[in-house]
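Remarks on the structure that follows.
Derivation of every value follows stated rules applied to the coordinates shown; laboratory data play no part. The structure presented is a predicted model; accordingly, all values stated were derived computationally and were not measured. Please note: Cβ atoms are built from the backbone with ideal geometry, for glycine as well, and neighbour counts cover all protein chains shown.
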Amino acid sequence: MNLLAVIFLIIGLFSIGYTIAIVCYSGINTAFLGFWIIMGLGCIVLSLVLRFLYTHNIEGPKYLKFIFTFLFLSGISIFLLVEAVVIQAGNKQPQPGADYVIVLGAQVRGTALSRALKNRLDTAYEYLVNNTTAKVIVSGGQGNGEDISEAEAMKEYLVGKGIQDERILMEDKSTNTHENLLLSKVLMTGEEHNTVIVTSRFHVFRAVGIAGKLGLTNVSGLGAPTNDILIVSYYVREFFAIIKDKLVGNI
């Protein structure tokens, strides 16, 4: 139990430190910040409880120790396995010669692209330049703090970089990944398509899984880099998003 106390203390201190770093980097309203606060405080409290039990030689039933240790190790194993799959999917190369490239939206601040969205568009641009027959679907509705839809902002950016207007289709009603792909599918003509989905690397596995569930065939992902301090938070949040989508049948 002493070892577990140390492990929980390390996790707790890391979570609190990471919370402070996130607040300094992107503010108190950053998505998923509450998770790190709860994780940090919860792990520190649990560490103190385990340490107290250990130092005072208080032992519970052996079966409870076994169950607790088993659940902890199982949870860690599942988390690491899912993250390994997510990382692998995000670094795979997409198929060449796509008929459609779907770029999934991300936050727009007013009319300005967020760094994540710009990275996705720059990644899509490189693919489109090398695959000149592909059409691109820019997918994303208008959320809080956005003066225009994500799709409109994306189209303006790609046109500004030299992608012909007639190659770009807009899907501007979606509010999540499932809707992104469902509504983008409606814009495709024909029965069979080679499709490349462009999104952040941490998001590729789930996006491709949802696309397959929606009936899109010959789908591959193209991961855009995520190069800021929030990358740990993105990957951890994605773990829970994958579990949720699996439970509700989206993937």
Query - Positive dipole terminus of the chain, leading residue within G209, L48, S74 (C-beta point charges) - result: L48
**Report entry** Cross-link reach list, aspartates and glutamates versus K155, counting only Cα pairs under 13 Å and skipping chain neighbours closer than eight places
**Finding:** D122, D165, E166, E171, D172
Query raised in the report: Using the alpha-carbon centroid of each, what span in Å lies between segment 105-171 and segment 189-251?
Result: 17
Requested in this report: Among R120, R206, rank each residue by its count of other Cβ atoms within 10 Å, from fewest to most, as a rough exposure measure.
Outcome: R206, R120
Query raised in the report: On full extension of the chain, what length is gained from L187 through T175, given 0.36 nm per residue of separation minus the C-alpha to C-alpha distance?
Result: 2.7 nm
Query raised in the report: In segment 1-36, which residues have a backbone nitrogen under 14 Å from the label point lying 7 Å from E59's Cα in the Cα-to-Cβ direction?
Result: 1-2
Requested in this report: About the Cα centre of the chain, how large is the charge dipole given +1 on each Lys and Arg Cβ and -1 on each Asp and Glu Cβ? Please answer in debye to the nearest 20.
Outcome: 840
Query raised in the report: Hey, fewest Cβ within 10 Å first, where do H203, H193, H56 land in order?
Result: H56, H193, H203
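Would segment 15-82 count as rounded, prolate or oblate if I go by the C-alpha gyration tensor, calling it rounded below 1.5 in a/c and otherwise prolate when a/b exceeds b/c, oblate otherwise?
Oblate, because a/c is 1.5 or more while a/b does not exceed b/c.
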Report task. Treating only the Cβ atoms of Lys and Arg (+1) and Asp and Glu (-1) as charged, compute the dipole magnitude of segment 89-197 about its Cα centre; round to the nearest 20 debye. Result -> 340
**Report entry** Long-range HN-HN contacts of L169 with modeled amide H, under 5 Å
**Finding:** V136, I137, V138
**Report entry** Listed residues L64, A21, T195: farthest to the positive end of the dipole of the chain (Cβ charges)
**Finding:** L64
Requested in this report: With θ set to phi - 60°, apply the Karplus curve 6.51 cos²θ - 1.76 cosθ + 1.60 along segment 185-191 and write out the HN-Hα couplings as whole Hz, x wherever there is a Gly or Pro.
Outcome: 4, 4, 7, 7, 9, x, 9
Query - When each of K118/K244; K118/K161; K92/K185 is checked by Cα-Cα distance, pairs over 21 Å - result: K118/K244; K92/K185
Query raised in the report: Separation between the L81 and L13 pseudo-spin-labels, each 7 Å from Cα along Cα→Cβ, expressed in nm?
Result: 3.1
Report summary line: Counting only residues 5 or more apart in sequence or on a different chain, those whose built amide H sits under 5 Å from that of A224 are T199, S200, R201
Query raised in the report: Using alpha-carbon pairs under 8 Å, 6+ residues apart, how would you state the relative contact order of the chain in percent?
Result: 20
Report summary line: Going residue by residue through segment 53-60, the Karplus relation 6.51 cos²θ - 1.76 cosθ + 1.60 with θ = phi - 60° gives ³J(HN,Hα) values, rounded to whole Hz and with x marking Gly or Pro, of 4, 5, 5, 9, 6, 9, 10, x
Requested in this report: Give me Rg over Rh for the chain, both radii from the alpha carbons and Rh done the Kirkwood way, two decimal places.
Outcome: 1.07
Query - HN-Hα J in Hz across segment 209-214 - Karplus 6.51, -1.76, 1.60, θ = phi - 60°, x for Gly and Pro - result: x, 5, 4, x, 5, 7
Query raised in the report: Which of Y235, Y125, Y54 moves the most in a Gaussian network model of the chain with Cα springs under 10 Å?
Result: Y54
Report summary line: Ranked by GNM mean-square fluctuation in the chain (Cα springs under 10 Å), the top entry among I67, I11, I28 is I67
Report task. Between beta-carbons, use under 11 Å as the cut-off and find the net charge around K244, counting Lys and Arg +1, Asp and Glu -1. Result -> +1
Query - Pairwise label distance in nanometres, A31 with Q93, each label 7 Å out on the Cα-Cβ vector - result: 3.1
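Taking the beta-carbon count within 10 Å as an exposure proxy, list L181, L73, L214 from fewest neighbours to most.
Listing L181, L73, L214 from fewest to most nearby Cβ atoms yields L73, L214, L181.
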Query raised in the report: Who wins for biggest fluctuation among A224, A84, A106 in a Gaussian network model of the chain, springs between alpha carbons below 10 Å?
Result: A84
